[in-house]
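Shown next, in structure tokens, is the structure this report addresses.
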Amino acid sequence: MFKNLSFFTIILLLISACNNRATENQSRTQKRDQILSLITPPSLSADVVNLKDFGALGDSLTNNKLAFDKALEKCKALGGGRIVVPPGIYLVNGPIHLISNVTLDLQKGAKLVFGSNPDDYLPAVLTSWEGTFLYNYSPFIYAYQAENVAIIGEGTIDGNAKNTFSTWHAKQKPSQALSRKMNHEDTPIKERVFGAGHYLRPHLVQFFECKNILLEDVTLANSPFWCVHLLKSENITARRVKFDAFNKNNDGFDPEYSRNILIEDIDFNNADDNVAIKAGRDHEGRKTGITSENIIIRNCRFKGLHGVVIGSEMSAGVQNVFVEDCTFGGYCKRGIYLKSNPDRGGFIRDIYVNNVEFGEVEDCFFITSYYHGEGSGHETDIRDIFIDGLRCNKVNNAALVIQGYPTKKVSDIHFSNVQIDTAKTAISFTNAENIVFNNLIIGDEVKVPSHVQ
């Protein structure tokens, strides 16, 4: 490479390369800081509405659904309010539908326990299920087209779903397949009515077409499906939230068609993905065309199935995601996982993983364009992924995996300062190109070479 170049030319080239790397790092920092400037927690109402003033009893037996409805009516009349839930165990047989300018303040020692009768979550509401819009059972806490909404306090939201809604996972296949068929055939959404008899589990918390959202300090447990679904929403802050969610598909946060999101200082403990960034499924996702973007995940502690996932429902595209200064609270099957298949289309690009550590995993970093080995005709463009400062103690399967698609290779993946202590397989790359390494150690670092005695 340098055969016909002078010494000084070589030095200038090396200096230029260093300067380019520094410029790239500065550009990424500026992009992240610009995103942060777009995220502002909402101002909380000063009007306090005490739930007990509306007949609520935290005795674990009394149904407090009516008390919540009355408190929300009061907030509506005031133009907003802070619904304070004092310590106690509050049974709620039915959904809480939050409205604009309302804060749900669960004080320390307060627990909401949702009832297990599916009929209490009807009539069906407009929602999305695994990337397809449809009408289904109401999420237990649901906000639709609302602004300046918050759920705060050191209390607990318990979906009480382990022995009820969670068991529907074994019965959902026919309706799951029907929803996907309706997606692919572009069935009008008003005709996609599920609910009773269809066994599609509702979400625990869903914000749908909302702006200016805050989730802070609460604990989420025992969800029927995804814990927090951020759907077509923007300007969202989630901090110091805790999860104890061990049912089927108990993802932590699922941003979908959403943007300008800060997720920080979270203690995850989920049976499924800690964060799963999505952007719609297949035909409908491509038609909707709202990219999930500008998402920052920082100072979190991962524990569960996977740490941070993008996909597999991401047909409208995902970009500008930063995962920074995170560590582990326990085992994860996979650390960072980007997944798609040739049914999805769309793109995954401009993803930045900086200073992230895992303990024991099956796979540390995994990209696949052929998830579940299915799909055709709509390959995903995966490129411009930057990993700088990734560490893992023990990898039981593969440290770094990239599985592109023959007609759409994964490209421009940059690994810097990666250290994996032990791994069964170090690297497995197929259908991948322009993969760049800078300071990579998998296994023991090789020191000064030995010499013949």
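Report the relative contact order of the chain, percent, no decimals, based on alpha-carbon pairs under 8 angstrom and at least 6 residues apart.
The value is 8 percent.
Return the distance in nm (one decimal) between the two label points of a simple spin-label model at N439 and D384, each offset 7 Å from Cα along Cα→Cβ.
With each label point 7 Å from Cα toward Cβ, the separation is 2.5 nm.
For the stretch 271-452, calculate the relative contact order in percent as a whole number, restricting contacts to Cα pairs under 8 Å that are 6 or more residues apart.
The value is 16 percent.
Could you grab the Rg to Rh ratio for the stretch 86-231? Cα atoms only, Kirkwood for Rh.
0.98
Looking at this model, which pairs from K65/K108; K303/K333; K248/K303; K339/K408 are more than 18 angstrom apart at the alpha-carbon?
Table pairs above 18 Å Cα-Cα are K65/K108.
If you find the alpha carbon centre of the stretch 367-400 and of the stretch 208-265, how far apart are they in angstrom?
Comparing the Cα centres of the stretch 367-400 and the stretch 208-265, I get a distance of 24 Å.
Just to be sure I understand: of the beta bridges DSSP finds with both ends in the chain, what percent are antiparallel, rounded to 5?
Approximately 5 percent, going by the DSSP bridge assignments.
Could you state the number of Å between the C-alpha centres of the stretch 104-138 and the stretch 144-164?
Computed from Cα coordinates, the inter-centre distance equals 9 Å.
Just to confirm the number: angle between the C-alpha axis of helix 7-37 and the first principal axis of the chain, 0 to 90 degrees, nearest 10?
0
Of the options I213, F253, A170, report the single residue whose Cα projects farthest towards the positive end of the charge dipole of the chain (beta-carbon charges: Lys, Arg +1; Asp, Glu -1).
Going by the Cα projections, it comes out as A170.
Once you place label points 7 Å from the Cα toward the Cβ at T407 and R240, how far apart are they in nm?
5.2
List the GluC sites (Glu not before Pro) within the stretch 136-209 that DSSP assigns to loop and that have no more than 13 neighbouring Cβ atoms inside 10 Å.
Filter output for the stretch 136-209: E185.
Could you give the length gained by full extension between L57 and D265, i.e. 0.36 nm per residue of separation minus their alpha carbon distance, to one decimal place?
71.7 nm
So if R0 is 60 Å, what FRET efficiency would K287 and S450 give, r being the distance between their Cβ atoms, rounded to the nearest 0.05?
Computed FRET efficiency for K287 and S450: 0.45.
Compute the normalised compactness of the chain: alpha-carbon radius of gyration over 2.2 N^0.38 Å, N being the residue count.
Cα-based Rg divided by the globular estimate yields 1.05.
Of the DSSP beta bridges with both residues in the stretch 41-250, give the percent that are antiparallel, rounding to the nearest 5.
Percent antiparallel among DSSP bridges in the stretch 41-250 is about 10.
Given the Cα-Cα distance of N355 and S428 and 0.36 nm per residue of separation, how much length would full extension add, in nm?
Taking N355 through S428 to full extension adds about 24.0 nm, to one decimal.
Taken together, the values in this text are just the output of simple stated rules run on the coordinates, not laboratory data. Source: prediction; values computed, not measured. Cβ: placed from backbone, ideal geometry, glycine included. Neighbour counts: every protein chain shown.
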